[in-house]
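Trainee: What follows is a single structure, and I will ask about it in a moment.
The values are calculated or read from the model by the stated rules, or taken from the named source; none is laboratory data. Keep in mind that what you see is a predicted model, and the values were worked out from it rather than measured. Here Cβ is always computed from backbone atoms with ideal geometry, including for glycine, and neighbour counts include all displayed protein chains.
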Amino acid sequence: MNMARNLIAVIGTTGVGKSQLGVELAKALNGEIINGDSMQVYAGLDNITNKHPIPERQGIPHHLLGHVPWKDEYTVNQFQKEAIDLIDSIHDRGKVPIIVGGTHYYAQSLLFKNTTLSSLDNKAPDVPLSSEQLAILDDPARVLDTLKQVDPIIAQKFHPNDTRRLRRALEIFYTKQQRASDIYAEQQNPSEQDNNMLTSLRYRTLIFWVYCDQLVLDPRLDVRVDQMLANGLYDEVNDMYRAYKASTTPVDLERGVWQVIGFKQFLPWLQGEESTPDDGINSMKQATRKYARRQTKWISKKLVSMLRDIQAREEDCGDIALLDATDLSQWHQNVYDKGLAIAKSFLDGNLSHVSLAPPGLEEKLAGRTAEQSFNRDKWKHYVCETCVSSDGSPHVSVGQEAWETHIKSRKHKATLRRIKKQKEYQDWKKSKPETDENTTTTTNEID
């Protein structure tokens, strides 16, 4: 078995069994698991972050799991550094490192070189931030306005509510004195003198995409939320709320542990704005299903495409395999057996004789060209004045595809129906003749 610089990554949407497959592969291949989920790095909160139960880990070492206090904001740069050190250590002990997790920017920063803004961090020293710049970075509204001025291209690339990425892009501009849009462009089309900016794999990598049909996954995710509630989710939410209230500084719900699905959805109930947690439960289920769709989209349209571009330039750099977990009764046959066979072939240095996707799902591993992936036309913002968010601002879709998805969504169609009914009612009121009571009153006044 060839152990040199090999890495196995298990990715996929929430709720498909990534943790289970990771443990099964680690047992069979003498591996150790490195957590790749951005919320599971935080201490405690085993239910709300879906940490794999200790008895089900079967004695397999798990790293980067529950080691960060809530008060700290764990960054992708910290994850990348700690994960690389762990991978080196696992290799030195003659074992197989297995990354397990669905946080796409964690996976992207670790598996690939030169695909995120964090790739700049070791290339040039930071220019210190001024007090004025720090004040801007701590104000999401000013971040977006400033970024529109200094780097309008990247300001359009991200959704206005994606405060983490917008803040990071502006921070890069301040500290590296480079526009993020120029960095992305150089990564896609580096000059001949700077080929080290080309995207490449950090290790010889086998990626397992644990896949589930979304129509099957949605009810499965709803059931999992119900199980989390039964297993003590309310206790964890209350613990977080006590820390939230005790904080001496304003808490940003888009940063750190506070991003976790399941806290902000219950916040109105915790604050007494809602009499029951029912709306929070429904919001948590909806947010979980929506997150799963974003994960699938990133894998199929971003990760696979990056890998295919690299394979066109480099030999034996790795590959991706799709394992179908739609039917859990067939897990052993469709996921474990196939996954283990593919992993053994990969570690032996030969994937040419194995099928990397089941019949009917091969097209999901096709990917897109770099030209298709890096297309500024996809970043156009579409504003729907019909649908508004909780803060009263209109809905924004980034890109034609997201816009078409929105206008076909049940939420948008329901809003249109409600507006139509309201208009029909107002038109009916305007056309309705005066009532008999009003007529009688008018007549009496005339008499």
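Trainee: Give me the pairs: first residue in region 252-264 and within 12 Å of LYS71 (Cα to Cα), second residue among the aliphatic types (A, V, I, L, M) and buried (at least 21 other Cβ atoms within 10 Å of the Cβ), beta-carbon distance under 6 Å, and six or more apart or on different chains, which are they?
Mentor: No pair meets every condition.
Trainee: State whether the residues of region 269-289 include one that is closer than 22 Å to GLY12 by Cα and of a type in the set (Phe, Trp, Tyr).
Mentor: No, there is no match, as no residue in region 269-289 is closer than 22 Å to GLY12 by Cα and of a type in the set (Phe, Trp, Tyr).
Every residue, every condition in (1) modelled with pLDDT of 95 or more; (2) basic (Lys, Arg), yes or no:
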{"residue": "VAL216", "(1), (2)": "yes, no"}
{"residue": "LEU229", "(1), (2)": "yes, no"}
{"residue": "ASP235", "(1), (2)": "yes, no"}
{"residue": "ASN238", "(1), (2)": "yes, no"}
{"residue": "ARG242", "(1), (2)": "yes, yes"}
{"residue": "ARG255", "(1), (2)": "no, yes"}
{"residue": "GLU274", "(1), (2)": "no, no"}
{"residue": "MET284", "(1), (2)": "yes, no"}
{"residue": "SER300", "(1), (2)": "no, no"}
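Trainee: With the condition kept exactly as written, say whether any residue in region 340-349 is over 23 Å from GLY17 (Cα atoms) and either of a type outside the set (Phe, Trp, Tyr) or buried (at least 16 other Cβ atoms within 10 Å of the Cβ) (or both).
Mentor: Yes, because at least one residue in region 340-349 is over 23 Å from GLY17 (Cα atoms) and either of a type outside the set (Phe, Trp, Tyr) or buried (at least 16 other Cβ atoms within 10 Å of the Cβ) (or both).
Trainee: State all residues of region 280-316 that are in contact with a Lys or Arg (Cβ under 6 Å, 6 or more places away or on another chain) and exposed (fewer than 14 other Cβ atoms within 10 Å of the Cβ); if no residue qualifies, say none.
Mentor: Once the filter is applied, which keeps residues that are in contact with a Lys or Arg (Cβ under 6 Å, 6 or more places away or on another chain) and exposed (fewer than 14 other Cβ atoms within 10 Å of the Cβ), region 280-316 yields nothing.
Trainee: Only one of these conditions is not met by LEU65: (1) in contact with a helix residue (DSSP H, G or I) (Cβ under 8 Å, 6 or more places away or on another chain); (2) crowded, with 18+ Cβ neighbours inside 10 Å; (3) not in a strand (DSSP E or B). Which number is it?
Mentor: In the conditions (1) in contact with a helix residue (DSSP H, G or I) (Cβ under 8 Å, 6 or more places away or on another chain); (2) crowded, with 18+ Cβ neighbours inside 10 Å; (3) not in a strand (DSSP E or B), LEU65 misses (1) alone.
Trainee: Does VAL257 fit the bill of being in contact with a strand residue (DSSP E or B) (Cβ under 8 Å, 6 or more places away or on another chain), crowded, with 19+ Cβ neighbours inside 10 Å and farther than 15 Å from HIS104 by Cα?
Mentor: Yes; evaluated as a whole, the condition is true for this residue.
Trainee: Condition test on VAL10, is it closer than 29 Å to ALA341 by Cβ, of a type in the set (A, V, I, L, M) and under 20 Å from the mean Cα position of the chain (by Cα)?
Mentor: yes
Trainee: Right, something else. Report the residue count in region 37-61 for those that are buried (at least 22 other Cβ atoms within 10 Å of the Cβ) and touching a Leu at 6+ places or on another chain (Cβ under 7 Å).
Mentor: Going through region 37-61 one residue at a time, the tally reaches 3.
Trainee: Consider region 21-69. How many of its residues are touching a strand residue (DSSP E or B) at 6+ places or on another chain (Cβ under 6 Å) and under 23 Å from VAL257 (Cβ atoms)?
Mentor: Adding up the residues that qualify gives 11.
Trainee: Under the condition of being closer than 30 Å to ILE8 by Cβ and of a type outside the set (A, V, I, L, M, F, W, C), which residue from region 220-260 is farthest from the chain's Cα centre (by Cα)?
Mentor: That would be ASN231.
Trainee: Can you tell me which condition SER409 does not meet? The list is (1) assigned by TED's automatic domain parsing to the domain that holds ASP316; (2) within 24 Å of the chain's Cα centre (by Cα); (3) among the hydroxyl-bearing types (Ser, Thr, Tyr); (4) at pLDDT 80 or above, and all the others hold.
Mentor: Against the list (1) assigned by TED's automatic domain parsing to the domain that holds ASP316; (2) within 24 Å of the chain's Cα centre (by Cα); (3) among the hydroxyl-bearing types (Ser, Thr, Tyr); (4) at pLDDT 80 or above, SER409 comes up short only on (1).
Trainee: So which residues in region 344-361 are outside any loop (DSSP other than H, G, I, E, B) and either touching an Asp or Glu at 6+ places or on another chain (Cβ under 9 Å) or of a type in the set (Phe, Trp, Tyr) (or both), if there are any at all?
Mentor: PHE346
Trainee: Does region 16-30 hold any residues that are buried (at least 23 other Cβ atoms within 10 Å of the Cβ) and either small (Gly, Ala, Ser) or touching a Lys or Arg at 6+ places or on another chain (Cβ under 9 Å) (or both), and which are they?
Mentor: Once the filter is applied, which keeps residues that are buried (at least 23 other Cβ atoms within 10 Å of the Cβ) and either small (Gly, Ala, Ser) or touching a Lys or Arg at 6+ places or on another chain (Cβ under 9 Å) (or both), region 16-30 yields VAL16, SER19, GLY22, ALA26.
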